[in-house]
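Following: one structure in structure tokens, then a few remarks.
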Amino acid sequence: MTEQAAPTSPTPFRTVGEACGVPVRITTDDESIWVKLQELLPPGWVDHGDDANIDPEREISQFTLVEDGMDHVLMRDETVLARADLKIALHVFDAQLRGHIALHSPDRVFVHAGTVGYRGRAIVIPGLPNRLGTIGSKLFPRALVRRIAGKLQG
């Protein structure tokens, strides 16, 4: 069951942008949080500044991160995603924003994997989830490159 958010006052720090064809509105009521949110925007983010450059027919999800006096509350539209300290709320924002974009992107497929080019071909190595996060998307391909490079030199 998801917790429903109480209506919030307008937030002075806001923008509308998009990544991979998915428009998103991001708002907060605190300038220091605003700076941290901007640092988490995904690669390829195009900032529109306001709604003026977005087709009014398109649905735009809104992520809001505000402090309620005790915790930081992260919402997507009217649903509370996290009620926690700032570090955790920012981590949840990052994961939720990227997941939202991946889920709604009209032209892209997202794969958590590492890739290595070898003799004109690509080797794709899926990242495997584990209790510490994910493995395989960086360390294994690096080791493979070192191994291949060692064989080529030897």
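For segment 75-106, the candidate set comprises residues that are surrounded by 17 or more Cβ atoms within 10 Å (Cβ to Cβ) and among the small types (Gly, Ala, Ser); within that set, the residue that is nearest to Lys36 (Cα to Cα) is Ala89. Filtering segment 65-82 to residues that are at pLDDT 95 or above and of a type in the set (D, E, K, R) leaves only Arg76. When Arg131 is tested against the conditions (1) modelled with pLDDT of 80 or more; (2) loosely packed, with under 14 Cβ neighbours inside 10 Å, the lone failure is (1).
The values are calculated or read from the model by the stated rules, or taken from the named source; none is laboratory data. It should be emphasised that the depicted structure is a prediction, and the values quoted were computed from it without experimental measurement. Glycine gets a Cβ as well: all are built from the backbone with ideal geometry, and neighbour counts include every protein chain shown.
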